[in-house]
Structure formats: C-alpha cells, structure tokens
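Below is one structure, written out as structure tokens; the observations come after it.
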Amino acid sequence: MAQTVVGIFDYTSEAQEAVNYLVNNGYSRSDIDLSSRASETEGSSFNDDEDDDNDSSVGGFFSSLFGSNDDEADKYTKVGRKGSIVTVHANGNHQAEEAARILDNFGAIDVDERAEQYRGGKAATGFTGAATTGTTNNNDADSIKIIEERMNVGKREVETGGVRLRSRIVEQAVQEDVRLRSERVHVARTNVNRPATEADLANFKGTTVEMTEHAEVPVVGKEAFVTGEVSLEKEVQENNETVQGTVRKTEVDTENLTNRDNAITSPNNTNTGGSTSTGGSTSTGNDQGGFYK
C-alpha cells in the first residue's frame, strides 16, 4: 500500500541533503518532492498575515493529506509554510518508516513542539527532531544521531577493445606447362619408272588432292573452391579485484560532568533514548523522521 511521508526542515540545505541521501539509497527522484519556503536565518517569528500565497498552497496540500482532520492540517500548515517540505511517496509501510527515519536523521523538525512555540509567541530556534502525526518525541533534543556511511560496490560493463575481420580480393600470377601437338603438310615425291597400267590410264586426267593441317591450342578455364574459414570466437575470463574506499561514521564520546573540574572523557559509545549501536543504526524509542500517512 502506498504511503506518503512528509518532513519539514528549517533550512533548505538540510532538506536538500535529505533528498540527496534518499536518492543515493534506492529512492526514485520522481517519488520525492521538495518545496523550499524556509528563511535561511534563525530566529524568524511567526506572523498570521505573512506569505498568504504560500499559506494557501501549503494549506491545500495538508488539507488534502489529512482529509477531515482540520486541526492537524492547520497545525502542519502553520509550521510548513515557514520551512522546507520534503514529501516522499513510499511503497509500503517498511519503506515509509525507513524514509521517516532518514528525514529525522537529517533534521526534520518536531511539528508539535514548533506549533507550541508559535502559539506561545516564541521565535523558531532551529530545534530539530522527529515528528510523527499526533506524537511528540522529547528525547531527540538531548540525543546525537549516529550516522554511518556504507560503501556499495557494483559492476558495469565497459568496452575495452575488439577484433574486426575484413575480406578483400587480391590477384596473383600463376603459370602451368601444357604439351601441344601441331600438324604440317608437305609434298613428298617418289621417282617411279614402269609402264602405265589400265588404272593409271584411267586416272590420266586433271586431279586435285587436298590435306588439312591441325594444331592444339591452350584453353583456360577457372573454377572456385572453398579452402578454409576464418571466424571470431570469444573467450571469457574472470578475476577478483579488491575495491578500496573510505566511509564515515559517527562516534560519540561520553564525558562525565559530575565534577566539571575533573571531567573524564571516555571513548565509549553512548545510548540515548533507546538502543544505539556503533554500526550506525539508531533507535530512540520513538524514532519518527517526519510523519507518514
């Protein structure tokens, strides 16, 4: 089920940092809206007649979000028009809770606390903390958020080279020996001395005798044969590569203030308002970054 998570920040820079962190940790930028209306200076006071246009647009947004709950819509409108609003459209309760914790870590204000300040005529002091619909967490003012960066190593494919095959036609001279036969006609005369016979007398008239000469000549023909094939084959190799980098994390030192003149500093990590681990995940008993509906 889709959920909408909203966090209100005093400063646009804090809201932008929260948006960047969400995008870098699996949230789609198209599912995140940032509306910047905050003054970038501390100590701005509340005025009911200030920024009527912004109040109208912000009020319409929270009215549509809370529906018939006019008191909640009015409270968030008064606080939201003085700040920068980050809206996250989450897919399911788990992602919504995670987004709320991230907004809280980056300084989402406590809406109930801020609304009380406005009703009492107090100036906004840049108080940051978690705020959830209908719930106030008073422990965050005395807590330190432990944040840890984690390095994610992935893979992408790049082109490193290749081989191209290209064919062309070349000519070369060749020669072959062949034995040829030729004929030549010549006249041979034989001397004879004998009496003429009846047959000789019968042929005693004009006669023509012919003989044709023949010769062999070379005949050239061509025939194509496939004598081989050239193809491309790919060989895949795998190797292990170590990727090195640096990440940051928050470490909290505990200082004993019982005797200020002899304060003792310990490198141990401290728990504030719930279970806190040095691995970077913080639970404050009511860990609520922004609110989700």
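The values are calculated or read from the model by the stated rules, or taken from the named source; none is laboratory data. From a predicted model like this one, the values you see are computed outputs, not experimental measurements. We place every Cβ from the backbone using ideal geometry, glycine too, and count neighbours over all the protein chains shown.
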Here is a check on your reading of the model: is residue 8 among the aliphatic types (A, V, I, L, M) and either at pLDDT below 80 or more than 30 Å from residue 154 (Cα to Cα) (or both)? yes
Across the range 157-189, the tally of residues that are under 30 Å from residue 213 (Cα atoms) and either in contact with a helix residue (DSSP H, G or I) (Cβ under 9 Å, 6 or more places away or on another chain) or among the hydroxyl-bearing types (Ser, Thr, Tyr) (or both) stands at 1
Scan the range 63-105 for residues that are assigned to a strand (DSSP E or B) and more than 25 Å from the chain's Cα centre (by Cα) and report the count. 2
Please count how many residues of the range 28-44 are under 10 Å from residue 85 (Cα atoms) and either in a strand (DSSP E or B) or modelled with pLDDT under 50 (or both). 5
Report, ordered by the first and then the second residue, all pairs with beta carbons closer than 8 Å, sequence separation of six or more or different chains, a first member in the range 54-65 that is over 10 Å from residue 78 (Cα atoms), and a second member that is of a type in the set (Lys, Arg) and modelled with pLDDT of 75 or more. 54/81
